[in-house]
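Asker: Structure provided below as structure tokens; questions to follow.
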Amino acid sequence: MEHYRTRPPHNGTRRANPGAPLPAQARGGRRPPVARRPPPPVVRTLRRLPNPRLTGLGAGLFCMALMFLLGCLDALLFGASLTAYGVLFLPACVLTAVWLRRGDLLTAPIIAPIAFATGLLPVADGGGGASGRLMGLFTALATQAGWLYAGTLAAGLVALVRRIMLVRSRSR
């Protein structure tokens with residue numbers, strides 16, 4: 001009967017000196033800590049900002065209230081400038097899309113046009129009662145459609161990027 005020599009199990013690495021002690025990783029120990037660079041000041045500042053997570057309804061109410069307040073502020077400071085209102089609309093859309101919960105990301109491009117129309121109420125030119133105010137609102141919506149599309153696109157892109165990152169992190 002032949003006696004076969006048994007080998008220790010192979011773990012994928014070969015040691016140059018079989019009698020030498022194993023490194024800490026092979027013994028099940030921890031790696032020495034890796035020195036990390038501190039993050040840049042901009043990243044540290046952004047990490048200190050609030051990071052709420054709003055539901056679809058909460059984000060809609062937040063964006064509508066914010067745009068209404070920005071519309072009132074625009075009417076007081078800039079004399080109801082529609083261009084200033086459109087410029088203020090873009091960061092509001094991005095902020096709303098960033099603060100949405102993961103499950104409600106699809107509501108971001110829906111919230112933006114509703115909030116835009118709500119904020120136009122104090123800004124839109126209107127005279128002669130309710131019909132004049134309504135005509136001014138429709139005119140402002142028609143002439144400022146570029147800002148409306150840009151804000152909706154920005155909110156949709158932020159939501160899309162967040163959704164792609166979410167799917168990728170789940171697949172890992």
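The values are calculated or read from the model by the stated rules, or taken from the named source; none is laboratory data. Everything numeric in this text was worked out from a predicted model, so none of it was measured. Positions of Cβ are backbone-derived with ideal geometry, glycine not excepted, and every protein chain shown enters the neighbour counts. Heads up: the accessible areas ignore ligands, DNA and RNA and are worked out on the full protein's heavy atoms, side chains in. Shrake-Rupley method; radii C 1.70, N 1.55, O 1.52, S 1.80 Å.
Asker: Please list, in chain and number order, the residues 5+ apart from ALA80 or on another chain whose amide H is under 5 Å from its amide H, with Hs placed from the backbone.
Answerer: Excluding prolines and chain starts, which carry no amide H, the hits are ALA75.
Asker: Can you give me the solvent accessible area of LEU106 with a 1.4 Å probe, rounded to the nearest 10 Å²?
Answerer: Answer for LEU106: close to 150 Å² accessible.
Asker: Kindly state, as a whole number, the per residue volume in cubic angstrom of the convex hull around the alpha carbon atoms of segment 69-172. Spell out each step's value before the answer.
Answerer: Working: hull volume 9.0 nm³, N = 104.
Looking at segment 69-172, the number lands at 87 Å³ per residue.
Asker: Would you mind pulling out the separation of the Cα centroids of segment 113-166 and segment 53-96, in Å?
Answerer: Comparing the Cα centres of segment 113-166 and segment 53-96, I get a distance of 9 Å.
Asker: Estimate the FRET efficiency between LEU160 and PHE138 by the formula 1/(1 + (r/R0)^6), using the beta-carbon distance for r and 35 Å for R0, to the nearest 0.05. Please report the intermediate quantities before stating the final value.
Answerer: Values: r = 30 Å, r/R0 = 0.86.
Between LEU160 and PHE138 the formula returns 0.70.
Asker: Specify, per residue and in Å³, the volume enclosed by the convex hull of the alpha carbon atoms belonging to segment 48-129.
Answerer: Convex hull volume per residue, Cα atoms: 93 Å³.
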